[in-house]
Each structure stands twice: as structure tokens, then as C-alpha cells.
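All remarks here apply to the structure that follows.
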Amino acid sequence: MFRFYNSLSRRVEEFVPKKKIIGIYSCGPTVYHFVHIGNMRSFLLSDVLRRSLMYGGYSVKQVMNITDVGHLVSDADEGDDKMEKAVRREGKTAWDIAAFYTDAFLADCKRLRLLPPTKMPRATDHIKEQIALVVALEKGGHVYRIKDGMYFDTATFPGYGKLSGQKLEDKQGGKRIGIAGKRNASDFALWKFSQGAKREMEWESPWGVGFPGWHIECSAMSRKYLGQPFDIHTGGIDHLPVHHENEIAQSEAAYGVPLTRFWMHGEFLVLGDGEKISKSKDNFLTLQTLIDRGYDPLAFRLFCFSAHYRTPLTFSWQAMDAAQNALNNLRQTVRAWEKPRGGVEDFEKRFLAALENDLDMPKAVAVMWEMVKADVSTAAKAASLLRFDTILGLDFKKYVAKPAKAEKPSAAAAKLLTQRLKARADKDWKESDRLRDELQKLGWGVLDGKDGGMTLVKSQQ
């Protein structure tokens, strides 16, 4: 029986599916820029959740949106649409920008071996559904008009704040209203009017030409493809206090039933000083950044499993080194195993138990390592490891029982290895790291032995 932490109830609850197919809605990217590795940790949560449920025997329908309009720079509905800002930054059309960064996101998902969502709707393809939701809210008396758009009146929804745990009056306290005409600081835009020059992305509506607010799209598309209520809504912890709170308000106010049964939020990926990785800061790291430094994308996937999804995870290059070395060592180990046959039942039960306990991936990985080192048949271990890999997603089928072809390193790689041996002997760790990075650029990973020795392995095979 799976048990997940529900952000709405703020406790771990048993998850009992109500239908044959489990419906999951995962907040997707705003495609105005590359996603960073902190974003990818959040998307990895939804991937592990889906894989785990499937591992447990369930059928899953996962919907992930593509936000290509309506996400303003400020959650308070101030500033520019992020897509329009990107237009000025890059000198391309908004449509071209959305297409380019959507493709880049999908490429990153493939490199991290995230399962493709069952459905990936775009906000710009669902304007009709978003307008229909605003009309329903207007009929219910939840909407008012001001100069720049149509707004949801949070005072008309008694449950506003239940996800964050703050009462409406507490959420209002100390907040400036900001936009002239707003009744409450927490009120949010449902439909924004086009003002000034004609926008590339704008549509006719009952209230005038404009574009949807960010929050309305998720409510409209999740209902269309999953119904209401659906089973699980996932997203980053940064979405909880505003975006997800607003989704609940507009969906429940319009239709009188809960939006979803479970809310699951992934914590931040942070740097050593506790600062979260963000596009607005100078610590914007992408998956390509890691690849350019010689890391296998799946080393980042393994690294993310080192902390529970509800715990902040500290990123460092040293941690990435450890993950890459662990992955390389594991690949080399399983190459020498026999072909998969049977399985190791005790370890498989413990692995599933870790997943059922609120997706405890650190525990699941620990079970995997314990099995790898256990004194049992390598054929049985190989069979179980491949079953584990339906969750881990580390592509072990390329390595299990497949001895590596002998490949002699180039003269350049051999020279770098010799230089690195000397740097480590001299305890010049900075030079040692630099040489390791140079070796990785040439396609060679380095396994550091306890005795100071090193082994070169062909990386990203």
C-alpha cells in the first residue's frame, strides 16, 4: 500500500485509487528559457511517482502542461509576460521561442530518462477551455473587472489559504495591493487585457482582447484531461503558496468539488550557502552545464536520489563527482555479472517497501547497493537490478552481463592520467579536478582507488 505525504492535510496518508487509471497532473515548464537543474529535480519527482505506481501494478495517466503564455514575471500579476520578455531578449517571435524551449525541455527530459507524459497540452491550444472556466466563475460571483483585467475575488472563497495553512487575513497582512483596483492583495488575474501595442499572443474573449492568467490554464487543462477531482497533483514547493493555492480557489469555486485528492511538492535544489538555484540569479545551471563539464546526465539523476524529495538537496561539484564515480563503478561491476535469471525476493520486497513509504528513494538506493554487494548469485542480482531500474531509470540494461570492449585510451588521455596521478600525489586537488574534467571531455571517466590509483573507463557508452 502506497503512503504519500499530502501537502493539503500536512500528513502522510494511505493512497487508495478511486479508479482503474490513476490521474496525475504535473506542473510543467514555462517555455521562455532553458529549464535549470532545480526545475529538473521537480520533474524527476513526478517521474519517480509515476514509475513507482506502475511498478506497484497500477495504470497511470500523467498530464503535464506547457506554459507558453500568461506567466507574468511576478506572481502578484505585475510586470511582463515572461514570453513577451523573451521576445525582447532574443528578437524572435513568441511562437518560435515557445517551440525552441519546449524542444530543449523535451531533450533534457529524454537525457534524464523521464517518461514522456501521457498528454502534454499547451496553454495556447486551450484558450477556449480557460475562457469557459472564467465564465463559470463570473456566473458564481467570484470575478470582478478592473482596468488591466478580470480578477478572482479571494474573499468570495472561504477556503482560500488552506493549502499554505494561512488564513486569508494572514495572507493579506503586510502585503501591498500593488495593482490599482484590486480588492485584496491575494486576488489574482484570470484574464489580462492587451494594452498598448498589439501582442503576438492575444485572443478575443467576452471581456475584450487579451490573454489568460497563469493559474487558470492548469485548472482548465487538468479538468479537461483528468476530470475533477483527479488523484495527484505534483509540482515544486515554490508553487504551493500562490500558484497552487489559486488553482484550488478557482477550480473549487467554479465546480464545487475538490481539484485533486493529493498534493505532492518537491523541495528546492540549493547551493552550499542554502540559496536555491534560480533563473533570476547568477547560479542558473542547466543539464547542459553538467554535460559540458563531463558528467553523464544519469549521474545527476542518481545524485537526486541521495535526498528525499521533501528535503532540500545541496548541489556541489564534489557531490556530482561522487555520483558519477558511483555510477561508473556500478556499470563496471554489473558488466561482469551473469545474464539475468530469477531474482532476489527479499531485496525486491524491501525496495518496494521503500517506494511505498512516501517514495523514499535514498532507502531504495541503499537497498540496491546492499543487494549489489550481497553474496548471492549474480544472475539473480541482475534480474532484480533490472526490475529496480524501472524506477531508477539508470539504463542498466546497456551494462548488465555485457563486458566492455577493450579500448586503449588515446595518447592525450594517457598523458592527462599521468599528470593527474602526479597532482593527487602532490595533493594538488584543484589541478586534479581540472585534469579529471579534461579527461571527461575526451570521453573518459576516472575511478579513484583507495590506494591512490586510478582507472579510466569510457564514459557515456
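Structure data summary
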{"item": "Among the residues listed as GLU200, GLU204, the single one being without any contact (Cβ under 8 Å) to a residue 40 or more places away in the chain and not polar (S, T, N, Q)", "result": "GLU204"}
{"item": "Residues within the stretch 253-284 that are touching a Leu at 6+ places or on another chain (Cβ under 6 Å), at pLDDT 95 or above and either part of a strand (DSSP E or B) or of a type outside the set (Gly, Ala, Ser) (or both), tallied", "result": "4"}
{"item": "Residue count, the stretch 184-205 (criterion: within 29 Å of the chain's Cα centre (by Cα), in a loop (DSSP other than H, G, I, E, B) and not charged (D, E, K, R))", "result": "2"}
{"item": "Given (1) more than 28 Å from VAL48 (Cα to Cα); (2) of a type outside the set (Lys, Arg); (3) in contact (Cβ under 8 Å) with a residue 24 or more places away in the chain, index of the condition GLU169 fails", "result": "(3)"}
{"item": "Exclusive hit being in a loop (DSSP other than H, G, I, E, B) and at negative phi, set THR311, THR289", "result": "THR311"}
{"item": "Qualifying residues in the stretch 100-127 (those that are part of a helix (DSSP H, G or I) and open to solvent by 50 Å² or more (accessible area, probe 1.4 Å)) - the one nearest to MET83 (Cα to Cα)", "result": "PHE100"}
{"item": "Subset of the stretch 176-230 [under 22 Å from ASP75 (Cβ atoms), open to solvent by 30 Å² or more (accessible area, probe 1.4 Å) and of a type in the set (Asp, Glu)]", "result": "GLU202"}
{"item": "Options ALA326, ALA299, ALA322: the member that is outside any loop (DSSP other than H, G, I, E, B), surrounded by fewer than 20 Cβ atoms within 10 Å (Cβ to Cβ) and touching a helix residue (DSSP H, G or I) at 6+ places or on another chain (Cβ under 7 Å)", "result": "ALA326"}
{"item": "All positions within the stretch 403-422 that are part of a helix (DSSP H, G or I), open to solvent by less than 70 Å² (accessible area, probe 1.4 Å) and without any contact (Cβ under 8 Å) to a residue 40 or more places away in the chain", "result": "ALA412, ALA414, LEU416, LEU417, ARG420"}
{"item": "Pick from the stretch 59-97, criterion of a type in the set (Gly, Ala, Ser), more than 17 Å from CYS218 (Cβ to Cβ) and surrounded by 14 or more Cβ atoms within 10 Å (Cβ to Cβ), ranking: modelled with the lowest pLDDT", "result": "ALA76"}
{"item": "All positions within the stretch 362-377 that are in a loop (DSSP other than H, G, I, E, B) and either open to solvent by less than 40 Å² (accessible area, probe 1.4 Å) or in contact (Cβ under 8 Å) with a residue 12 or more places away in the chain (or both)", "result": "ALA374, VAL376, SER377"}
{"item": "Residue within the stretch 59-75 that is charged (D, E, K, R) and in contact with a Cys (Cβ under 9 Å, 6 or more places away or on another chain) present", "result": "no"}
{"item": "ASP346 part of a loop (DSSP other than H, G, I, E, B), acidic (Asp, Glu), open to solvent by 10 Å² or more (accessible area, probe 1.4 Å) and farther than 15 Å from VAL400 by Cβ", "result": "no"}
{"item": "Where a residue in the stretch 350-361 is among the acidic types (Asp, Glu) and its partner, wherever it lies, is in a loop (DSSP other than H, G, I, E, B) and open to solvent by less than 10 Å² (accessible area, probe 1.4 Å), with Cβ under 6 Å and at least six apart", "result": "GLU356/PHE2"}
{"item": "Filtered residue count, the stretch 405-417, keeping only those that are of a type in the set (A, V, I, L, M) and in contact with a strand residue (DSSP E or B) (Cβ under 7 Å, 6 or more places away or on another chain)", "result": "2"}
{"item": "Residue under evaluation ASP426, criteria (1) more than 32 Å from the chain's Cα centre (by Cα); (2) surrounded by 13 or more Cβ atoms within 10 Å (Cβ to Cβ); (3) acidic (Asp, Glu), criterion not met", "result": "(2)"}
{"item": "Output for the stretch 69-99, where each listed residue is in contact (Cβ under 8 Å) with a residue 60 or more places away in the chain and of a type outside the set (A, V, I, L, M)", "result": "GLY70, HIS71, ASP75, ASP77, GLU78, ASP81, GLU84, THR93, TRP95"}
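The values are calculated or read from the model by the stated rules, or taken from the named source; none is laboratory data. A quick note: this is a predicted structure, and the numbers were derived from the prediction, not measured. All Cβ positions, glycine included, derive from the backbone under ideal geometry; neighbour counts span all protein chains shown. Accessible surface areas use protein heavy atoms only, side chains included; no ligands, DNA or RNA. Shrake-Rupley method; radii C 1.70, N 1.55, O 1.52, S 1.80 Å.
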